[in-house]
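Before any comments, here is the structure.
The values are calculated or read from the model by the stated rules, or taken from the named source; none is laboratory data. The structure displayed is predicted, hence computed values, not measured ones. Using ideal geometry, Cβ is built from the backbone for each residue, glycine included, and neighbour counts are taken over all protein chains shown.
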């Protein structure tokens, strides 16, 4: 018998809610922190190729380290809420080695690194700088497999929001920029092995959120952004002795320049810092700036003077100087309109500058790309997505063609394969439910029907609209007639919308769309305020590829068709039998009267029975493959097995009786039982608990057990 090979075909994830958590390297990989891991994403293949696991807390910042002239990176540095900085050496998407740098006493919020050699040596000599919530910036020296802290710079009670490392032009001396909450940019240069403060750049009027260096034509440019909605570009250049004498004689009128001197191998060099320009265009705090990566052209490195910025006003702007006047102007603006999102936390350029990416407050990635035509148009592209908080439950549809998940981010998400030209990749194609409570459980009750539970006392039942079925047919390459065959005789809604002050998805039918169209296009003026401001319905879309984030938020909701009342506390778990005729649900409970399992009949959505046995919350339930048994496990460290009787005392003719349960005197599990499952032939079931024990039991003879 051939050995089975299990491969990862899809990883659904999103970026953490921190400004410096995404980095796009010249190696083509996009690295971003997702929970305690770092995801390596390939935008061209639209797949997550791997994850880096080393942090024990949330990853807050990620940065690629450029160790050669415009070549692909092999080093990555990250910082997290575990107070730790980790240096990763990669070969493709595989980790060769990593170095843990420990010394901070609070969460690390920003990192950067500098390669101090040309990359020709066997061991790279890396300088790493990290800023944390302990009001300290640490400078680390890493060589080989070891790393040590060279220096700690304390900022008292202040916080450093971002750091950036570079080398002063001509002298190859490291320079460090720290953006602080005191509205200043503090500049440090390395002298005699230690960083010394040489200047503080004033001008911003609120917390500085991002700083980044770029080298162009022998000058060093620093871009900074802040919560004052402004971006400032500073220039550092070498001052010759002749220019200093002319200024002393009063022959030149120039902008204010801050002067500092640097010792190097070539002697004493004078540098000047001046404000190059102030960019105003965003309407809310600017959280990220990023220079277009340098390119190798005609045998020399060239830095395009193009800057990308991201703001909480839900836009990204491309800035560049005018060719004739040299004045910095807005070139392109992309972003979101409407919706309930809270703006962008950061931005990145692709290595070739043809794509730009932003990550939002809720973790979603937004990708735009352009071609090289005479009039390039920036258009949104397909990108990976996923929950931005814990995933609580997931289930397959009965045909095994897509999965649906719920999480503490208060959303229900549907993932399906995208089939095109012999290539198959998985993507989020719908967000059926966007709720006001944290989601806890879900169960499919048909191919396009599901029931979900949240931190409320109500179960909600949803049905797929026609617009989703049509788009799912195109994306998954499944004939539409096959998908609609299970809904014969049932009118499908076109889509769903959410009232302004409601939590229920309201069905939108074809007649609603026609009346809205007539109201908007008709010659008659609105006669009342209600007519002037009508209910905003969803807009049906015909997808040729998986939807982007803005469509997922507004146009992929499913109508809510039923609410089920009966539980006294927040929902915790729900299960449906394989025929889709019975649903079992349970809620949080600390007393036996609240720990009862409620049985619902899907044909009428009536409560047909309440099963009382457990004394604490039922954590999971599972129907046997032949639908003859219902298994339940609980926080009270017991399990119960219920047998279905087709001739019962209920109106539906169905009832459950207790068939077997845990013998408390000889109970195997000493801790809370969290999971249960069945064998494919319905003869055995298993229960697993936090004591890492699994108990296998025969369904018909509960006295025969063995343990793994």
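Listed residues 380, 398; which is in contact with a strand residue (DSSP E or B) (Cβ under 7 Å, 6 or more places away or on another chain), part of a loop (DSSP other than H, G, I, E, B) and either surrounded by fewer than 22 Cβ atoms within 10 Å (Cβ to Cβ) or outside the structural domain of residue 436 (by TED's automatic domain parsing) (or both)? From the options 380, 398, the qualifying one is 398. Based on this model, can you work out whether residue 16 counts as out of contact with any strand residue (DSSP E or B) (no Cβ under 6 Å at 6 or more places or on another chain) and modelled with pLDDT of 90 or more? Considered against the rule, which asks whether it is out of contact with any strand residue (DSSP E or B) (no Cβ under 6 Å at 6 or more places or on another chain) and modelled with pLDDT of 90 or more, residue 16 comes out as no. For residue 529, indicate whether it is within 30 Å of residue 635 (Cβ to Cβ) and either crowded, with 22+ Cβ neighbours inside 10 Å or at pLDDT below 85 (or both). Answer is no for this residue. Of all residues in region 323-366, those that are touching a helix residue (DSSP H, G or I) at 6+ places or on another chain (Cβ under 9 Å) and assigned to a strand (DSSP E or B) total 3.
Residues that are out of contact with any strand residue (DSSP E or B) (no Cβ under 7 Å at 6 or more places or on another chain) and in contact (Cβ under 8 Å) with a residue 24 or more places away in the chain do occur in region 610-618, at least one of them. Considering region 421-449, the residues that are closer than 26 Å to residue 604 by Cβ and touching a helix residue (DSSP H, G or I) at 6+ places or on another chain (Cβ under 9 Å) include one that is surrounded by the fewest Cβ atoms within 10 Å (Cβ to Cβ), namely 446. Each residue in region 291-301 was checked for being in contact (Cβ under 8 Å) with a residue 40 or more places away in the chain and not in a loop (DSSP other than H, G, I, E, B), and 4 pass. Residues in region 539-555 that are touching a residue at least 60 places away in the same chain (Cβ under 8 Å) and over 19 Å from the mean Cα position of the chain (by Cα) were compared, and the one that is surrounded by the most Cβ atoms within 10 Å (Cβ to Cβ) is 555.
In region 641-662, is there at least one residue being at pLDDT 85 or above and within 41 Å of the chain's Cα centre (by Cα)? The answer is yes, given that some residue of region 641-662 is at pLDDT 85 or above and within 41 Å of the chain's Cα centre (by Cα).
Checking each residue in region 273-286 for being under 13 Å from residue 317 (Cβ atoms) and either touching a strand residue (DSSP E or B) at 6+ places or on another chain (Cβ under 7 Å) or buried (at least 20 other Cβ atoms within 10 Å of the Cβ) (or both) picks out 279, 280, 281, 282, 284, 286. Listed by position, the strands (runs of 3 or more DSSP E) inside region 103-185 whose residues that are modelled with pLDDT of 95 or more and surrounded by 20 or more Cβ atoms within 10 Å (Cβ to Cβ) number at least 3 are 108-115, 125-132, 136-143, 160-167, 174-180.
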